[in-house]
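The values are calculated or read from the model by the stated rules, or taken from the named source; none is laboratory data. Here the structure is a predicted model, which means the values were calculated and not measured. Backbone-built Cβ (ideal geometry, glycine too); neighbour counts: all protein chains shown.
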Amino acid sequence: MTEADFPAGRDLAGYESKYDRRVISDMIVRIIGYVILAFMSGLLLAIVGFVALKGLGVMTVKMLTTVGNTQTGGLANAIAGTWELVLTGLLLAVPVGMFGALYLSEYSSRVSGGVLRLFVDVLTSIPSIVLGLFGYLVLVIQLGLGYSLIAGGVTLGVMMIPYVLRISEISYSNIPRQTREAAYALGADNFQISFRLLIPQARAGILTGVLLAVSIAAGETAQLLYTALFNNGYTTSFLGQPVAYLTYVVYYSLQQNTVYARSMAYSAALVLVTSIFSILLVSKYISRIR
């Protein structure tokens, strides 16, 4: 910095001092950011590395393709049951989240929208064990559904709704207002604008929210302990049959003293981590599509 570059009538030493402080502050913030990034990356790699190291050493094709309980057999019924529960939950979460977001973004008033967003935020913060208790008391006991695919799936669906709704709302809001105004000017009504304009243009964001909700739901345990229990075989009905799922295998098998039971737990954990990572990578790719 030279005298020619400095504005006339001001103190050069004071200006350089402020400039130096900004440079130092920027450097400190960058260092803190790098430290946090390194810590989070190291933590993630440690968890994934531990699960991969334990799981790959004991996982076999037979374990992945045969039916079993938490101590003997394989994981095929737990893998199938996990995705049956998640897909059942999506039957509730996707329409409610997608159309709820459409209402919030386009048609709600300030009061009704604020109240609904508050309810969504509260629902997001409810502990999973409380949702499990709700599912047990209302679905399993009061409605008489018993431990079943529908009871477990609906409970997971309630948990997934806020994630689908919030991300879908952001996707609708990102559509330029001029696009809506042009459609109204051409004579389109609300139904046409919603289904022929907004939903198609927001589909990448909606799908990202759905995949995020799926990745979270696949790793849940507390709700399913109260609503799905566990099944030593495949579940073939929405009602009257408990459901096997991977997180229960991890939870229960690690409590057993046999080597094979612990091997099942590590293998189930690896299947879960691999599945969730794959889903999150797909969602990140989709979110970049415009």
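Couple of notes before you dig in:
- Criterion applied to VAL243, VAL259, VAL250 was being assigned by TED's automatic domain parsing to the domain that holds THR65 and within 18 Å of TYR136 (Cα to Cα), and the one residue passing it is VAL243.
- When the stretch 113-147 is limited to residues that are in contact with a Pro (Cβ under 7 Å, 6 or more places away or on another chain) and within 17 Å of ALA222 (Cβ to Cβ), the one that is modelled with the highest pLDDT turns out to be TYR147.
- Scanning the stretch 112-145 for residues that are touching a Ser or Thr at 6+ places or on another chain (Cβ under 9 Å) and part of a loop (DSSP other than H, G, I, E, B) turns up just one, LEU145.
- ILE47 exposed (fewer than 13 other Cβ atoms within 10 Å of the Cβ) and closer than 20 Å to SER215 by Cβ: yes
- Taking first residues from the stretch 246-257 that are surrounded by fewer than 18 Cβ atoms within 10 Å (Cβ to Cβ) and partners that are assigned to a helix (DSSP H, G or I) and of a type in the set (Gly, Ala, Ser), the Cβ contacts under 8 Å between residues at least 6 apart in sequence or on separate chains come to LEU254/ALA261; LEU254/ALA265.
- Some residue of the stretch 39-51 being in a loop (DSSP other than H, G, I, E, B), modelled with pLDDT under 90 and not assigned by TED's automatic domain parsing to the domain that holds VAL259: no
- Among the residues making up the stretch 212-240, those that are surrounded by fewer than 23 Cβ atoms within 10 Å (Cβ to Cβ) and in contact with a Ser or Thr (Cβ under 7 Å, 6 or more places away or on another chain) are LEU212, ALA218, GLY219, THR221, ALA222, PHE238, LEU239, GLY240.
- Looking only at the stretch 167-201, and only at residues there that are within 30 Å of GLY135 (Cα to Cα) and of a type outside the set (Asp, Glu), the one that is surrounded by the most Cβ atoms within 10 Å (Cβ to Cβ): SER168
- Within the stretch 73-83, one or more residues are over 23 Å from the mean Cα position of the chain (by Cα), assigned to a helix (DSSP H, G or I) and not polar (S, T, N, Q).
- Total residues in the stretch 232-290, condition part of a loop (DSSP other than H, G, I, E, B) and within 22 Å of the chain's Cα centre (by Cα): 6
- Qualifying residue in the stretch 151-166 (condition: in contact with a helix residue (DSSP H, G or I) (Cβ under 9 Å, 6 or more places away or on another chain), surrounded by 24 or more Cβ atoms within 10 Å (Cβ to Cβ), at pLDDT 90 or above and over 27 Å from GLY205 (Cα atoms)): yes
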